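Below is one structure, written out as structure tokens, with a few remarks after it.
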Amino acid sequence: MANDQTPVDRFLADPNNLTLLGTSTCRATNTECPICHEASPHSTESDTQIVKTTCDHTFHRECLVTWLQSLKNRDGTCPSCRAVLYRGLSTARLTDQEMEEENRELGLLMEQVQTQLAMVGERLRALRSRRRSRN
């Protein structure tokens, strides 16, 4: 039921919110995902999608989804510029002190997500290296 969806689910379900760029855009422009700091995969068999937000920042779709889901029911913000991508459930205004605490928590969470994604990237590189050495 649509009413049971979280704000992030509604955002992701609307095709107008993110532009799918495919899997080669980061590689072609020699850029990396600002969340995991990995370029898009070089393998054509990969299903990693590259998306662009309305504020013109590009991310691996999976990385952006992880970031947005970590915000729970708060406003969904761009990890790069903090532009509001969608409104969360809370309509209460935060005090400056509460906002600073939220920003600190988000910064720590972003660091944790980046660390975890970097570890996954290292494991994938190791697996690919082992696979290549077997062939």
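The values are calculated or read from the model by the stated rules, or taken from the named source; none is laboratory data. Predicted, not measured: the structure shown is a model, and the values here were computed from it. Here Cβ is always computed from backbone atoms with ideal geometry, including for glycine, and neighbour counts include all displayed protein chains.
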*Only residues that are free of Cβ contacts under 8 Å to residues at least 24 places away in the same chain, of a type in the set (Gly, Ala, Ser) and surrounded by 11 or more Cβ atoms within 10 Å (Cβ to Cβ): list them for region 82-135, please.*
90
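Conditions tested, residue by residue: (1) part of a helix (DSSP H, G or I); (2) in contact with a helix residue (DSSP H, G or I) (Cβ under 9 Å, 6 or more places away or on another chain); (3) modelled with pLDDT of 75 or more; (4) buried (at least 21 other Cβ atoms within 10 Å of the Cβ).
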| residue | (1), (2), (3), (4) |
| --- | --- |
| 21 | no, no, yes, no |
| 34 | no, yes, yes, no |
| 45 | no, no, no, no |
| 51 | no, yes, yes, yes |
| 56 | no, no, yes, no |
| 68 | yes, yes, yes, yes |
*Quick one: how many residues across region 80-105 are in a loop (DSSP other than H, G, I, E, B) and at pLDDT 80 or above?*
6
*From the set of residues in region 70-79 that are among the polar types (S, T, N, Q) and not in a strand (DSSP E or B), which is surrounded by the most Cβ atoms within 10 Å (Cβ to Cβ)?*
70
*Are any residues in region 78-127 among the basic types (Lys, Arg) and on the phi < 0 side of the Ramachandran plot, and if so, which ones?*
87, 93, 104, 123, 125
